[in-house]
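The values are calculated or read from the model by the stated rules, or taken from the named source; none is laboratory data. Keep in mind it's a predicted model, so treat the numbers as computed, not measured. A quick note on method: Cβ atoms are made from the backbone with ideal geometry, for glycine too, and the neighbour counts reach across all protein chains shown.
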Amino acid sequence: MDGKTLGERIAAERIRHGLTQDNLAGRVGIERTALGKIEKGDRKVSALELVNIAASLETPLAWFVRDPLPAVIGRRTDAAPSHETTESLDRALELFAGDVASLITSGVITSVDDRPAWDTPQSYLDCERIAGEVRAHLNVGSGPLYELAGIAEQFGLYSCSLPLGGGGADGALVWVNDGCAAAVIDGSVKPGRRRMTLAHEMGHWLFGDMFDSKADDAERMINAFAAYLLAPRAGVTEMWNRHARDQVRDRAIRVAGTYRMSWSAVLLHLRNLNLITEDQYRSLDGRTPVSGEFARLAIPRDTDELRAPSLSPTMTAKIVDAYVDRRMPAARVVELLRDGLTEDELPPQRLETATDYASL
């Protein structure tokens, strides 16, 4: 993604960790002048030196040796952009996308070569229609759509939720191949916002939007698609009418809690559905419900969906299965799962066979 040389990546990681050339060279066991030449590209680095550099910087070796992946194609934020968190997100995305690519190459996970695709919506009517077609493809009705990460995998979109601190972009997406994409979600934000972000990135992937779309209209359309996907008109309207005697705020809280959407997203959606007026929208906007308001209405809130750190479920299962089948060492599994599991939490491996010994 960043187009940097190996030496430039080493220098960038060293600086990111607050180390001088003397510090890193001492850890690796080489002269400072030698490290300086490596960073400038004037000296080759041996395999052993690179392994030691990666270990000293606590950075996966793959970060330094992978080919650059295509540019970010989708990015969503509910907050003011932050350079620091955006840089963290982009770095996490490149690492994760590289892992996805290597897992596909090794046959641990697969692409979805016959995945459906849609044209980018041009109107709210398009957003609603396409969201309905996606739900029909999934063979689901108009109720809440839970376990979104598993649903995204059905379209070849693998996701990873990481604690990035909030304050910057909520998520980003990158193309891996024609049947597979990778998305990283900031797991530091609340669950409803995480779900909205993943639904938004699904929109970029399903619409074949291969660029980081910065047009306000395009982003609004993709956000609207995400809202209709998470909370279709039929289901929301039925719930709204069923509780017609409740106050408008309580009805909106029911929709937000049941469909697990952020407060800001659900208010925009209710306004687009003409279930609340502009004045009602303004009176509710910014007055985020507290946990007790959900509890009073007997609505569960703040699930662990897309918690950090975690990977999408099928990907996680396939990685663990590769360990059980002795195709992957425990340390690599823990690294791939971003410490979502420790080595002690991994299941037993199958018994070794004569074939295993012969393969050595």
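Quick look at the values:
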item: D279, sole failed condition from (1) in a loop (DSSP other than H, G, I, E, B); (2) surrounded by fewer than 17 Cβ atoms within 10 Å (Cβ to Cβ); result: (1)
item: Some residue of segment 193-208 being within 16 Å of D170 (Cβ to Cβ) and modelled with pLDDT under 90; result: no
item: Failed item in (1) surrounded by fewer than 15 Cβ atoms within 10 Å (Cβ to Cβ); (2) outside any helix (DSSP H, G or I); (3) among the polar types (S, T, N, Q), with T120 passing the rest; result: (1)
item: Residue in segment 140-153 that is buried (at least 17 other Cβ atoms within 10 Å of the Cβ), within 18 Å of S262 (Cα to Cα) and acidic (D, E) present; result: no
item: Any hit, segment 286-306, residues being of a type in the set (A, V, I, L, M), farther than 21 Å from S262 by Cα and surrounded by fewer than 18 Cβ atoms within 10 Å (Cβ to Cβ); result: no
item: Some residue of segment 170-185 being surrounded by fewer than 24 Cβ atoms within 10 Å (Cβ to Cβ) and over 22 Å from L336 (Cβ atoms); result: yes
item: Any hit, segment 107-115, residues being closer than 26 Å to F207 by Cα, modelled with pLDDT of 90 or more and among the aliphatic types (A, V, I, L, M); result: yes
item: Every residue from segment 225-267 that is under 16 Å from S123 (Cβ atoms) and surrounded by fewer than 22 Cβ atoms within 10 Å (Cβ to Cβ); result: R233
item: Residue match in segment 107-117 (condition: surrounded by 13 or more Cβ atoms within 10 Å (Cβ to Cβ), part of a helix (DSSP H, G or I) and under 18 Å from the mean Cα position of the chain (by Cα)); result: no
item: Residue satisfying all of: in segment 1-52; loosely packed, with under 15 Cβ neighbours inside 10 Å and in contact (Cβ under 8 Å) with a residue 60 or more places away in the chain; farthest from A182 (Cα to Cα) among these; result: G3
item: Selection from segment 209-243 of residues that are at pLDDT 95 or above and charged (D, E, K, R); result: R233, E238, R242
